[in-house]
1. Condition test on Ile287, is it outside any strand (DSSP E or B) and at pLDDT 50 or above?
2. The conditions are (1) closer than 27 Å to Ser128 by Cβ; (2) without any contact (Cβ under 8 Å) to a residue 24 or more places away in the chain, and Val63 fails exactly one of them. Which is it?
3. Please work out which residue is modelled with the highest pLDDT, limiting yourself to the range 4-48 and to residues that are exposed (fewer than 11 other Cβ atoms within 10 Å of the Cβ) and closer than 30 Å to Gly100 by Cα.
4. Here's a check for you: in the range 70-104, which residue that is outside any strand (DSSP E or B) and of a type in the set (A, V, I, L, M) is farthest from Ile57 (Cα to Cα)?
5. In the range 223-272, which residues are over 21 Å from the mean Cα position of the chain (by Cα), in a loop (DSSP other than H, G, I, E, B) and surrounded by 15 or more Cβ atoms within 10 Å (Cβ to Cβ)?
6. Quick check on my filter: what residues within the range 93-103 are within 29 Å of the chain's Cα centre (by Cα) and not basic (Lys, Arg)?
7. I need the full set of residues from the range 156-192 which are modelled with pLDDT of 80 or more and charged (D, E, K, R), in order please.
Amino acid sequence: MNGAVYYFIVVAINADGIGTPSNEAVATPASGNAQLDHMKITGATLSFDPKVLTYRISVGNGVNNVKVTPTAADGQATISVNGTAVTSESESGVIDLKVGSNLVEVEVEAQDGETVQTYSLTIIRAESTTANSDMPIAVTPDKAVTVIVPLGVSWDGTIKLPEAQSSASVSIPSGRVDAVIKVDSSDVGLLFDRAVRLLIPNQGGKSAGFVQGGVFKAITDTISADTQEAADREIAAGGDAVLSVGGDLVIWTKHFTQFAAYTKVIPDTESPGGNGGGGTPDDPHAIKAAAGGTIMLKGVRIWVPALPTGLARR
């Protein structure tokens, strides 16, 4: 497709129907459009934008090869995938993937033979880890992993936490942050079709929540038992549940992000009082039996009725 201009001879038609060549030539410039209109990859989801040239895609360990289907914006452009010519709207040959990073380059050459644009795809194939009954799975933020649970293995879903963060890294309205953990990737969030158990030592009885997109969300759901079966069955897709086990805090989750254990702080507007007197100034958790009253304790409002007249002094 070399050469930027095509020339055509214009034939004039006489009244008697006999054509004679004219002396005019019409120049038609060749297209310089080297963009793709669309691109698909087998075994992966790609949010494609013709103006974006670089992509990073994660696939599971079970995806050991892919095929790319590029569609040119201009039907006269030529396309190659990793140096091999591919017809627009047709699949490329099989591209084998090793564990880790794999580079796939899709080159588009415009009709003018001069304009070239290259789309780069970095495909990350996850490592494979086999679970057993008594060993936690190590996860690092920069590396995808596929967990395989063989038949007969009763894995409890435990994943070793890769990063403990400062309590100051999370801000919670009306709460004091006690512990923060993060299991996530800056490129790809971790989602699970089965629940995963996170244990935060020595934080039993605390509240829990997570930060996603800069917004803190409290975890309010719980489950009937601290078991894989109950967590899988009772937690919705992408959801969480929290419970205390002994002196520890347990979060069952089907997604990973930044989690926090925290203690609720009672605002001044919810201090003891009302209903006949409330607590005493020197003990905010005390209520006089004669007066009754209301207190807030660990986020729970407790109301104590006043004793009937005549019984208060007995």
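The values are calculated or read from the model by the stated rules, or taken from the named source; none is laboratory data. Computed from a prediction, not measured in an experiment: that's the story for all the values here. All Cβ positions, glycine included, derive from the backbone under ideal geometry; neighbour counts span all protein chains shown.
1. yes
2. (2)
3. Filtering the range 4-48 for residues that are exposed (fewer than 11 other Cβ atoms within 10 Å of the Cβ) and closer than 30 Å to Gly100 by Cα, the one modelled with the highest pLDDT comes out as Ser47.
4. Ala77
5. Ile223, Asp226, Thr227, Ile266, Pro272
6. Val94, Ile95, Asp96, Leu97, Val99, Gly100, Ser101, Asn102, Leu103
7. Matches in the range 156-192: Arg176, Asp178, Lys182.
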